[in-house]
1. Net charge near Leu268: determine it from the other residues with C-beta under 14 Å of the C-beta of Leu268, scoring Lys and Arg +1 and Asp and Glu -1.
2. Can you give the angle from 0 to 90° between the axis of helix 68-109 and the longest principal axis of the chain, with both taken from C-alpha atoms, to the nearest 10?
3. Measure up Lys41/Lys150; Lys138/Lys222; Lys48/Lys222; Lys41/Lys222; Lys30/Lys143; Lys34/Lys143 against 26 Å on the Cα-Cα distance and list the ones that go over.
4. Work out, step by step, the length gained on full extension between Leu241 and Asp39: first 0.36 nm times the residue separation, then minus their alpha carbon distance; give nm to one decimal.
5. Below 13 angstrom from the Cβ of Leu212, what's the summed charge of the other residues (Lys, Arg +1; Asp, Glu -1)?
6. Any chance you could give the angle, 0 to 90 degrees and rounded to 10, that helix 129-161 forms with the longest Cα principal axis of the chain?
7. Let me check I've understood the local charge: for Phe69, count other residues with C-beta under 10 angstrom from its C-beta, Lys and Arg +1, Asp and Glu -1. What total comes out?
8. Plugging the Kirkwood radius over Cα pairs into Stokes-Einstein for region 1-163, at a temperature of 4 °C and a viscosity of 1.567 mPa s, what D comes out in µm²/s?
Amino acid sequence: MILSRWTALLLLAAPLAAQLDEKAATAQFKVASKVQLKDFKEATTPLKQTLMDAIEAFEDELPGAVDPFATAETLAQALQTYHTEMRNLLLELSVTSAASWQQALSDFANGVPLNGIYPEGLVSGDGGPVDDLRAAVKKHLVKLAVAINKRLDKAEKAAEKEGFGLLAWSGTPSGLVDTTASEALSVGASPPLSIDVLLSLSELDVAADGRLWIGGTSTSGKLPVTVTVTSGLETIDSGSLAVNSTLVWLLPLDGEGAGVTEGNVIVLADVDGVGAIATASFGIR
């Protein structure tokens, strides 16, 4: 379902159709977005199943693992892969829905500049199909996150029976990348900085042996992400890493090799010390 660059360009450069009235232009986008939403939902099903399989594999491997922390890292990487692939789907949906939005406006304009006077339903914030699509995508993402975290809760209980303290959380992706559209152009913005993956593991009968894996989405593929973990006023570990082209990142922290003390922590992430900081409360058992 990944959209090629050439397909995107063809969509954006589609020839003008016959002029549509306001109602028809809105209906045109509504029909297109309904198909796009259906395709998106169908594409997320195998991503969810792959992650569920990885959680089950973690449960099976942990009891006899030579290195349980390596097993936990495999689970953290599976969570990161899920968010990476989800980001790809959301970027594709952003491009295709923006192209449909622009086409509807263009067909309504019929070559005449609209100067921002757009049909009702084709303006962000008016409660029409543009807003409906974003809301429907968000609702689906929340539903997926709830199901994944329920399954992770079961994995935590399974790990405890083996003498390990596992905490794992998968965030809800931020949704469609923000875009605007006119009869001539559609423009997208970067996704917001976020923390989407949190996982920690320790042996319950060993003190200060915790490991953390922290992942999320960046706003730039050119600047590194810096992650800091604090307890009270103390920094207990930090790290920095380059960001891949999907803007999704994952950083392991181990207390500089000595292990992280169990307890509650605050996680802070920023893009090379510039701009907003994403924060999350977490813990190590």
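Nothing in this text is a laboratory measurement; each read-out follows from the coordinates by a stated rule. Computed from a prediction, not measured in an experiment: that's the story for all the values here. Cβ placement follows ideal geometry from the backbone for every residue including glycine, while neighbour counts extend to all protein chains displayed.
1. Numbers: positive: none; negative: Glu234, Asp237, Asp270, Asp272.
Net charge in that neighbourhood comes out at -4.
2. The helix 68-109 is inclined about 10 degrees to the chain.
3. Check vs 26 Å cut-off fails for Lys138/Lys222; Lys48/Lys222; Lys41/Lys222.
4. 69.4 nm
5. -4
6. Compared with the principal axis, the helix lies near 10 degrees.
7. -4
8. Value of D from the Cα-based Kirkwood radius: 70 µm²/s.
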